Amino acid sequence: MGGREDSEPPLKRVKVTLTESKNSSDHSSITDPVASSLGDYMARPLPSQGDEETIGKTGVIKRSEFIKVITRALYSLGYDKTGAILEEESGIPMHSSVVNLFMQQVMDGKWDDSVATLRASDLLDEKTMKSVSFVILEQKFFELLKKEKMVAALDTLRNEIVPLRINVNTVHELAACMISPLQPVQFEPSSQDTDGASTRSKILEKLQKLLPAALFIPGNRLERLVEQALDVQRDACVFHNTFDSDLSLYSDHQCGRHQIPSQTSQILHAHSDEIWFLQFSHNGKYLASSSKDQSSIIWEVKGDGQVSLKHVLTGHQKPVLTVSWSPDDRQLLTCGLEEVIRRWDVTCGECLHVYEKNGVGLISCGWFPDGRGIFSGMADKSICLWDLDGVELECWKGQRTLKISDMAITDDGKRIINICRETTILLLDREAKFERLIEEDEVITSFSLSKDNKFLLVNLINQEIHLWSIESEPKVVSKYKGHKRARFVIRSCFGGFEQAFIASGSEDSQVYIWHRESGKLLLALPGHSGAVNCVSWNPVNLHMLASASDDRTIRVWGLDHLNLRRKVSQSNGIAHLAHQFNGRT
């Protein structure tokens, strides 16, 4: 492709000139865990005293706590006999005698005794004691009502619950139960078996959340500790690109560079000119590409990871700028350079409709989230929305878009995002009729919206890519550098596990991959012989990446395994690099 001076704007699908470019609320106080510990109420050795036995290399794990957590996990998993044996053999009971007595009293429905036991132990502060007492006395109240002991229930409400002076709304609801016999069912923990073991077990579970963890170890404590350890290992792995199901407790997790797609698994030959854009379908089963040769191609991703040509889509009279998959992946939009938008059936390759506007070329396209309509940026700098039959629904006039415009719409259909000026991206709220702007210091050449709709990846003319958070007030949260961009439009994308990576094309014929959070450049992948214009990461297969180039080829990238046996064969317009691994997860 012919070059220009660095001061000139990006060429091809952009044609930029420097003038253009440059009921829980009521119980909140009794259901929220209390942020206090046994250390607030009972004397214990300071860490510096070193009186308590520890285990582990660093000496931070107290042996008694470790054993109690394991014991709790055994009971939670249903291994009651094994848990009891561990308590006996270690000499470390999971609960103190006071806690065991309290638990038994709750299960026996001895409500007054259970309150008295906790109060006599002096283990809880006054706020926690009130919250625990409320839960116990509320259940006592319900059981008295069920037994039709109305006088005793009223006495409990007046003389025991009300004096606690908490949960006023709930107290009013309890009072209403005295008037309507059917009312209690709405407030008791279980509408059946009010005074049975099942209900009392649920009451005990609620009480456990209020008591300090040192008194009552949470049932899932060991699981939580292990999950936290795995989270730390995963977050520390800059190459992490595997599903959580691949994590193991048997060894520390470390993905390594080999989990990033970096080996060419296929080279696709079918376009006769520069390839400007490509995109995987949402289900990962298809890949669509568009080219200066005025065609688009739908490629099919086979079950074994191989990619084959499915349909060549012709009909445009100008180069095809971009493509867009329908939400269900059954249809595809293709947009010509200041021309028309065509809608295609993916299964048969038939053109279903042509969208055009007299005297105005179309420069971008996208789908409504529900798949019932499309939107487009226009050459006259307006934005138009159509139904599938081509009936114009809405149109925003004025400085709404540029000829280099990418466009996106959030999954809720409320916000349309597009480049409205050379250094500005417009966030247009359709419902609130509110506009918000993202301002850059350099010319914007393209952008990409994250899967969760919370971030924008913005490519700039100065060889930088900026990651913007757009969830509230827009702000730059990361920057990526290293790729080359001097003359053409270069596109980037999110990809990998939880979109933890950023990939981009480059004018030096390489594909660049960064770690999203740290901004660290991980890989530069050679292979193409011309500028790499666009990249797309398969949203389903974490180990498959595709790149489109001026060299008229698409490269499909998979994992780089040792001792790959390559064999080049020619078939169906595709040069295959056959080997043992094809990029599948």
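Listing for the model above:
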item	result
When each of K381/K451; K292/K357; K68/K146 is checked by Cα-Cα distance, pairs over 29 Å	K68/K146
Peptide ranges 56-65, 160-169 listed from the most packed, as the mean C-beta count within 10 angstrom indicates	160-169, 56-65
Prolate/oblate/rounded label for the range 97-143 (Cα gyration tensor, a/c 1.5)	oblate
Chain lengthening between K127 and D412 when straightened (0.36 nm per residue, less Cα-Cα)	98.3 nm
Total formal charge among the other residues, if their Cβ is under 13 angstrom from that of C493, Lys/Arg +1 and Asp/Glu -1	+2
Inter-label distance for K209 and R119, nm, one decimal - labels placed 7 Å from Cα along Cα-to-Cβ	2.5
Heavy atoms of Y512: accessible area, 1.4 Å probe, square angstrom to 10	20
Potential extension, F434-E52 segment - 0.36 nm per residue separation minus Cα distance	131.4 nm
Aspartates and glutamates with Cα under 16 Å of K479, excluding same-chain neighbours fewer than 8 positions away	E439, E440, D441, E442, E464, E517
Environment charge at D508 (Cβ cut-off 10 Å; Lys +1, Arg +1, Asp -1, Glu -1)	+1
Computed accessible area, R516, all protein chains, 1.4 angstrom probe, square angstrom	40
Proximal lysines relative to K206, as straight alpha-carbon distance under 18 Å, when same-chain residues fewer than 8 apart are discounted	K110, K127, K130, K140
Within-14-Å neighbourhood charge of E356 [Cβ basis; K, R +1; D, E -1]	-1
Debye, to nearest 20: dipole size of the range 433-565, +1 on Lys, Arg Cβ, -1 on Asp, Glu Cβ	300
D345 paired with K397, simple spin-label distance in nm, labels 7 Å along Cα-to-beta-carbon	3.9
Accessible surface of E435 - all protein chains present, 1.4 Å probe, nearest 10 Å²	80
Per residue accessible area in Å² of the range 480-534, where ligands, DNA and RNA are left out and the probe is 1.4 Å	31
Calculated FRET efficiency for the pair A176/V232, C-beta based, R₀ 41 Å, to 0.05	0.25
Sequence ranges 436-447, 328-339, 93-104, ranked by mean other-Cβ count within 10 angstrom, highest first	328-339, 436-447, 93-104
Centre separation in Å (Cα based) which lies between the range 205-254 and the range 73-131	25
Highest-first arrangement of 287-295, 238-246, where packing means the average Cβ count within 10 Å	287-295, 238-246
Heavy-atom accessible area order for K357, K481, largest first, 1.4 Å probe	K481, K357
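The values are calculated or read from the model by the stated rules, or taken from the named source; none is laboratory data. None of the values given here were measured: they were computed from a predicted structure. Note that each Cβ is placed from the backbone with ideal geometry, even for glycine, and that neighbours are counted across all protein chains shown. We work out accessible area using only protein heavy atoms, side chains counted, and drop any ligands, DNA or RNA first. Shrake-Rupley method; radii C 1.70, N 1.55, O 1.52, S 1.80 Å.
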